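The values are calculated or read from the model by the stated rules, or taken from the named source; none is laboratory data. These numbers come from a predicted model, not from an experiment. Cβ atoms come from the backbone with ideal geometry, glycine included; neighbour counts cover every protein chain shown. Surface accessibility is based on the protein's heavy atoms, side chains included, excluding ligands, DNA and RNA. Shrake-Rupley method; radii C 1.70, N 1.55, O 1.52, S 1.80 Å.
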Amino acid sequence: MLPHKQIELKLQSAVREILPDADVSIVLVRPCPDPKFGDYQSNALMSLAKQRKMNPRQLAENVLAKLDVSDICEKVEIAGAGFLNFRLKPAALALTLEAAARSVHLFFEKTSTPKTAVIDFSSPNVAKPMHVGHIRSTILGDSLARALRLLGHRVVTDNHIGDWGTQFGMLLVGWKRELNSAALATDAIGEMERLYKKISAECKENPAVLEAARQELVKLQAGDAENLKIWREMIALSQKQFDAIYGRLDVKFDVTLGESFYNDKLAPLVDELLKKGIARESEGAIAIFFEDNPQLKAHPALIRKSDGGFNYSTTDLATLAYRLEKWNPDEIIYVTDGRQQLHFQQIFAAFKKWHGESKAKLAHVWFGSILGEDGKPFKTRSGETVKLSDLLNEAEDRAFKIVSEKSSELPDAQRKEIARVVGIGAVKYADLLPNRQSDYVFSWDKMLALQGNTAPYLQYAYARIKSIFRKAESGSREAEIKLAAPEEIVLAKHLLNFGLTLEAMAEEYRPNFLCNYLFELAGKFTSFYENCPVLKAENETTRNSRLALCDLTARVLKQGLDVLGIEVVEQM
RNA sequence: GCGCCCGUAGCUCAGUUGGAUAGAGCAUCUGCCUUCUAAGCAGGUGGUCGCGCGUUCGAAUCGCGCCGGGCGCGCCA
């Protein structure tokens, strides 16, 4: 067990002895903000004392009398208003690193209470190009899935694609009247987008076209064989595009159940809600009202339109019910734009009326918009949305130029591969680094600057370590750990906090915690690298110990970047 | 009008149960490549955490009020 966890458990049982009725789950041990205080601290006694109107320092004294962590810590100190400061014994630190070197752990532990989480993210639309609007959901959702899996949870990733809706009426009209088969063969998405835009514009001018689109939609919904065949082809063509993008991003889904999957569940759902008195007719539509909920009192959810059609609230309710039944999850996570907050509040509240309090935690993990440098929604110069494929191409192109400049001696194919890993990594990292709830200003220059707190900086640290090992002719990676230089100790202690960071990321759904941890790790490594010769260390013991430290750093960097969905290269 | 979010260094942003002297990147200034990759390192400059009041031993963080900005608010998703 990792040291901070041992301290935490012992501290909790000491608190339980002094305050038998206290909620010890708040008694947490965290890294100190400043190493001068120690390695780990607990602030919990101050809040416990406060709740009970006790003297915090006296409480700390009493708890300390029951606490024995002398096997791994120096004397525990009470500081300030009642902080407990813990300082690891060098031997305990070394033992932890040696265990990691033997691959007993990599500074994190699988959860003892695995849960099942369904994660809904990406959700692109059929017949439309994937664009920057999909990138945050895709990258955030994927990295949350990776983190939860690494910590030992069961994860079902579900791509809820937009494969149904009124747009198919127009697409069908376009397909039948204007389809350019040659264009479809070379650029299917472009051709379908062209058809949609053309017919959509015509619908605004010409009521006859609008009517034709309506009729095609009705035929599709009624199961017309020809329209179904075209619709299926549009989905298949779109899925090819999705797969190409996901392949480049290394994103995988366990299931892809689009909106159409729930078609036959919608009418019975509305009937049931009507029958149970949860929904009622309103202005020709069917709606669920939330009279008892001050937040939603003025915002009923429509589940059937006055024309008899269903909308996304209906589908989302059906989807939620299906997921609960199919996977029995402890948690369902929706990764979408923040503008859908009201919608998900309605869905969650409506579902509660329908199925009562569920065991599953429903989480709307929302994120801010991507803005252009003018502070307005991000568009190309001509005002179009930016296609994801173009964005990834440009990232790789720019990275290739830089790699070619910095490492002109490498063969072309290798520079291409480095550019791919660095370019895609830069895009992902730029998206994961800001707090997800902030609107984020998209900047090619910043994203691909490849300096400062960016993916390439982390990848570079990794590559430098690998370079050491290419030059090391001998030396065990499982050596005895002997830490002396301050840079070694700082680096070693930071390695120990990897698991804490992963847990915080999974708990708060915030990959930026991990980004910042890895950036600090890379920084502490580089300091060590500048100050502590590895291959030319003064003696064999130090050399081997430092090699082991390098290897552990590389492993944590690689594992951490993998959680972010970012690859590494051996050389760059 | 109501609701949600935001306001932290010149710019872009972090800031983990409220916790110790508010941090980073970029920009700028000064040093460091006969030594494991300088996509780097060490250091300097730079702050009324929008404003005010309150709660607290302690507030960027919690509460109330104001100012400024973004988004959302019934038949699109």
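What accessible area per residue, rounded to a whole number of Å², is obtained for chain A using a probe radius of 1.4 Å?
It amounts to 46 Å² per residue over chain A.
Quick one: Cα centre-to-centre distance for segment A:447-513 and segment A:356-434, in angstrom?
23
Go through A:LEU151, A:PHE242, A:LEU220 and say which Cα lies farthest out towards the positive end of the charge dipole of segment A:120-247; charges sit on Cβ, +1 for Lys and Arg, -1 for Asp and Glu.
About the Cα centre, the residue reaching furthest to the positive side is A:LEU151.
May I ask you to derive the relative contact order of segment A:167-249, considering only C-alpha pairs under 8 Å and at least 6 residues apart, and to give it as an integer percent? Can you show the working numbers first?
Numbers: 63 pairs, mean separation 30.2, N = 83.
The value is 36 percent.
For segment A:321-337, just list the computed ³J(HN,Hα) in residue order, Karplus coefficients 6.51, -1.76 and 1.60, θ = phi - 60°, integers in Hz, with x standing in for Gly and Pro.
4, 4, 5, 5, 6, 6, 10, 6, x, 8, 7, 10, 10, 9, 9, 9, 4
Taking a probe of 1.4 angstrom, what is the accessible area of A:ILE26 in Å², to the nearest 10?
That residue has around 70 Å² of solvent-accessible surface.
For a 27 Å ceiling on Cα separation, which of these pairs sit above it: A:LYS240/A:LYS387; A:LYS128/A:LYS297; A:LYS252/A:LYS376; A:LYS89/A:LYS524?
A:LYS128/A:LYS297; A:LYS252/A:LYS376
Quick one: how many Å² of A:GLU540 are accessible to a 1.4 Å probe, rounded to 10?
That residue has around 100 Å² of solvent-accessible surface.
Compare A:HIS494, A:HIS364, A:HIS299 by solvent-accessible area with a 1.4 Å probe and give them largest first, with all protein chains kept in place.
My answer, sorted largest first, is A:HIS299, A:HIS364, A:HIS494.
Excluding same-chain residues fewer than 8 positions from A:LYS361, which lysines have a Cα within less than 16 Å of its Cα?
A:LYS115, A:LYS326, A:LYS352, A:LYS353
Summarise the accessible area of segment A:132-180 (1.4 Å probe, protein heavy atoms) by the percent that is carbon and sulfur.
C and S fraction of accessible area: 48 percent.
Name the shape class, rounded, prolate or oblate, that the alpha-carbon gyration tensor gives for chain A, where a ≥ b ≥ c are the square roots of its eigenvalues, rounded holds for a/c under 1.5, and otherwise prolate holds if a/b is larger than b/c and oblate otherwise.
Working: a/c = 2.83, a/b = 1.47, b/c = 1.93.
Oblate.
Starting from the Cα gyration tensor of segment A:284-336, take the square roots of the eigenvalues, sort them a ≥ b ≥ c, and report rounded, prolate or oblate (rounded when a/c is under 1.5, otherwise prolate if a/b is larger than b/c, else oblate).
Oblate.
Could you name the aspartates and glutamates whose alpha carbon sits less than 16 Å from that of A:LYS359, not counting residues in the same chain fewer than 8 places away?
Excluding near neighbours in sequence, the set is A:GLU325, A:ASP330, A:GLU331.
Could you tell me whether segment A:164-241 comes out rounded, prolate or oblate from its Cα gyration tensor? Rule is a ≥ b ≥ c as square roots of the eigenvalues, rounded for a/c under 1.5, then prolate if a/b exceeds b/c, otherwise oblate.
oblate
About the Cα centre, and with charges only on the beta carbon of Lys, Arg (+1) and Asp, Glu (-1), how big is the dipole of segment A:167-249? Nearest 20 debye, please. Present the calculation step by step, with values, prior to reporting the outcome.
Values: 12 positive and 12 negative charges, 20 e Å.
Roughly 100 debye, rounded to the nearest 20.
Find how many whole Å separate the alpha carbon centroid of segment A:168-205 from the alpha carbon centroid of segment A:225-286.
Taking the Cα centre of each part, segment A:225-286 and segment A:168-205 sit 21 Å apart.
Which ³J(HN,Hα) values in Hz, rounded to whole numbers, follow from the phi angles of segment A:175-180 under the Karplus curve 6.51 cos²θ - 1.76 cosθ + 1.60, where θ = phi - 60° and Gly and Pro get x?
4, 6, 9, 10, 4, 9
Could you give the nm distance between label points at A:THR186 and A:THR380, where each point is 7 Å from its Cα heading toward the beta carbon?
Each label point lies 7 Å from its Cα, and together they span 1.6 nm.
Probe radius 1.4 Å, ligands and nucleic acids ignored: give me the carbon and sulfur share of the accessible area of segment A:3-88 as a rounded percent.
With neighbouring chains kept in place, the figure for segment A:3-88 is 52 percent.
Can you give the charge dipole size of chain A about its Cα centre, rounded to the nearest 20 debye, using +1 on the beta carbon of Lys and Arg and -1 on the beta carbon of Asp and Glu?
600
Counting other Cβ atoms within 10 Å, which GluC sites (Glu not before Pro) in segment A:326-425 have at most 14 and lie in a DSSP loop?
A:GLU357, A:GLU373, A:GLU384, A:GLU409
How high is the relative contact order of segment A:157-210, in percent, counting Cα pairs under 8 Å that sit 6 or more residues apart?
Relative contact order comes out at 32 percent.
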